[in-house]
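Taking it in order: structure first as structure tokens, then the write-up.
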Amino acid sequence: MTSTPPPSSLDPEIAARLKRSADGLLPAIAQQYDTGEVLMLGWMDDEALHRTLTTGRCTYWSRSRQEYWVKGDTSGHFQWVKSVALDCDADTVLVKVDQVGAACHTGARTCFDEDVLLKDAGVPAPGQ
């Protein structure tokens, strides 16, 4: 059984700009604000985005559990929000954070270090 989240308090002007997936979600990329390190990808609906914008902590929508979760509430690995931006198509959110501890549920600093498919390909930039 899928629960329906309550109506959101997200600013209607922001909500009107968003291009959500069929299930009402936006991918949210968490990036370390001072190093540029890409930490993880989570999902936000309007209410999760509203909570992220107003609390200073990343709130995500769990697709598997069908509930909101605040990064760090159970793990102690907090994400303190520094900035939030929409991409040019308004279909992805970039949240720059100060990550405390691991970002990945596996305990790794980032979700993108373990399964590298291509590294240092050696392809020269155009004009080189």
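Checking W61 against (1) at pLDDT 95 or above; (2) in contact with a helix residue (DSSP H, G or I) (Cβ under 6 Å, 6 or more places away or on another chain); (3) surrounded by fewer than 18 Cβ atoms within 10 Å (Cβ to Cβ), which single condition isn't satisfied?
Single failed check for W61: (3).
If a residue has to be touching a residue at least 40 places away in the same chain (Cβ under 8 Å) and either farther than 16 Å from Y33 by Cβ or open to solvent by less than 30 Å² (accessible area, probe 1.4 Å) (or both) to count, how many in region 76-86 make the cut?
Total meeting the criteria: 2.
Just the residues that are modelled with pLDDT under 90 and either in a helix (DSSP H, G or I) or open to solvent by 90 Å² or more (accessible area, probe 1.4 Å) (or both), please, taken from region 1-55.
Across region 1-55, the qualifying residues are M1, T2, T4, P7.
Name the one entry in D89, D73, D113, D98 that is touching a residue at least 24 places away in the same chain (Cβ under 8 Å), assigned to a loop (DSSP other than H, G, I, E, B) and of a type in the set (D, E, K, R).
Numbers: D73 fails: touching a residue at least 24 places away in the same chain (Cβ under 8 Å); D113 fails: touching a residue at least 24 places away in the same chain (Cβ under 8 Å); D98 fails: assigned to a loop (DSSP other than H, G, I, E, B).
None of the others qualify; the one that does is D89.
The values are calculated or read from the model by the stated rules, or taken from the named source; none is laboratory data. All values derive from a computational prediction rather than experimental measurement. Cβ: placed from backbone, ideal geometry, glycine included. Neighbour counts: every protein chain shown. When the accessible area is computed, the model is the full protein with side chains, heavy atoms only, and any ligands, DNA or RNA have been set aside. Shrake-Rupley method; radii C 1.70, N 1.55, O 1.52, S 1.80 Å.
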